[in-house]
1. How far, in nm, would the chain grow between Ala144 and Phe208 when pulled straight, counting 0.36 nm per residue and subtracting the alpha carbon separation?
2. Could you compute the FRET efficiency for Asn8 and His50, with r as their C-beta to C-beta distance and R0 at 41 Å, rounded to 0.05?
3. Could you list, in their original order, any pairs among Lys174/Lys260; Lys110/Lys174; Lys244/Lys266; Lys106/Lys260; Lys244/Lys320; Lys106/Lys266 whose Cα atoms are separated by more than 24 Å?
4. Net charge around Gly225, counting only other residues with Cβ within less than 11 Å of its Cβ (Lys, Arg = +1; Asp, Glu = -1)?
5. Of the DSSP beta bridges with both residues in the chain, give the percent that are antiparallel, rounding to the nearest 5.
6. First select every other residue whose beta carbon is under 9 angstrom from the beta carbon of Ser90; then total the charges, Lys and Arg +1, Asp and Glu -1.
7. On the first, second and third principal axes, largest extent first, how far apart are the outermost C-alpha atoms of the range 49-291 in Å?
8. What net charge do the residues around Ser272 carry, taking every other residue with its C-beta under 10 Å from that of Ser272, with Lys and Arg at +1 and Asp and Glu at -1?
Amino acid sequence: MIPALMPNYNRADLAFERGEGAWLWDAQGRRFLDFGAGIATSSLGHAHPHLVQAIADQAGRLMHSSNLYRVPQAERLAARLVEATPFADSVYFSNSGAEANEAMIKAVRKYHAASGHPERFRTICFEGAFHGRTLAMISATGNAKYLEGFGPPVDGFDHVPFGNMNAVRQAITKETAAIMIEPVQGEGGVRPADLRFLQELRATCDEFGILLALDEVQTGMGRSGKLWAHQWAGIEPDVMSSAKGIGGGFPLGATLAREKVAEHLKPGTHGSTYGGGPLACTAGNAVLDVILAPGFLETVDRVARHLWRGMEALAQRHPKVVTGVQGAGLLIGLKLTDAVSNTEMQGAAVAEGLLTVAAGMNVLRVAPPLIITESEADEALRLLDRACLRMTPGEAKAAAK
Ligand SMILES: *Cc1c(COP(=O)(O)O)cnc(C)c1O
């Protein structure tokens, strides 16, 4: 018989009862070091006092009003995001990454239509991308596995190999409206785009009058050690999506845009009942309080570099398990050898008390809360070392002791 909770996920047989910082406890009192952060989402860790207090206070005053009225919390959050993000002039709030991307693509299409080019509606996307699960975003993602059985894909998305500039240029037609890319492909295997490639995309967009649309749902809000991952390349997009870490675990999505793009989303063109409500935007403001505090991102960068050095040493110690380390900041992928599957490795880490997340291309994704200390990074490395031993033929017994 089908379970009451629809069986659309592959769930591990673990359920957590409470959390504190980078740590989670299950009902049996077992403690886990959470280096998955709910898929790069619990950016401030669990039960962060400032976030908890802000949400509790706001919930006790007003949870939901409506976009029929002004929402001061949303006005404040938008103003702060615009202030902190050089290219951005205006922000639209939603409730998830997929919705933030939907708004991004609608904004792109509207911009061209309103500029007298309704024929420009296609977006160039990349193989290995992940942009979410709505009907349009599975088309943008382009992965056959996610499209299977859901009817004809939404038209207007073309796919080229990640990092291939010739393929991008060949794919551009009179109908091309935008190029959409994750600065680091998250679900696809924690694959970073070359910074040069991002710079070339920017130049190509300018050359053809195309918009550069960045999906920073996973890479943004400090995860890379800068507020936005594209800042490492010294480029600016025309429009960008954010979600995951932006609410610190509270559902919130944002689409940030230049004025020339945002100005066409006039009343009636797009919207969401929940989007940008008082509670979600209070959570967003509380997260920003922490992330934009002086020194916070510098600390993320320092701890990330410390963790990277440890990961590279881990790869050297376990060449039969790990072949390389890739990603950016606190979004780290351990590329595993063909002899080891990422889901088995994930299980071995759980057995040692460490939570991670599998990603595509047989990569184990490590995405801890941004608030971790160097000693928590060291603890994760120690647990990963033991997990690697479990995965090494002939060493399993030694690890089990
Ligand atoms: C997770 C993710 C999404 C989808 O976000 P949801 O909140 O699950 O809709 C989109 N793009 C990227 C890059 C993501 O990592």
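Please treat every number below as a calculation from the coordinates, not as lab data. In this text the structure is predicted, and so the values were computed from the model without any measurement. With ideal geometry, Cβ positions are generated from the backbone for all residues, glycine too; neighbour counts draw on all protein chains shown.
1. The Ala144-Phe208 span can extend by a further 20.1 nm.
2. Using R0 = 41 Å, I get an efficiency of 0.75.
3. Lys244/Lys266; Lys244/Lys320
4. Net of charged neighbours comes to +2.
5. 65 percent
6. That works out to -2.
7. Principal-axis extents of the range 49-291 (Cα, largest first): 55, 38, 37 Å.
8. Taking every other residue near Ser272 into account, the sum is -2.
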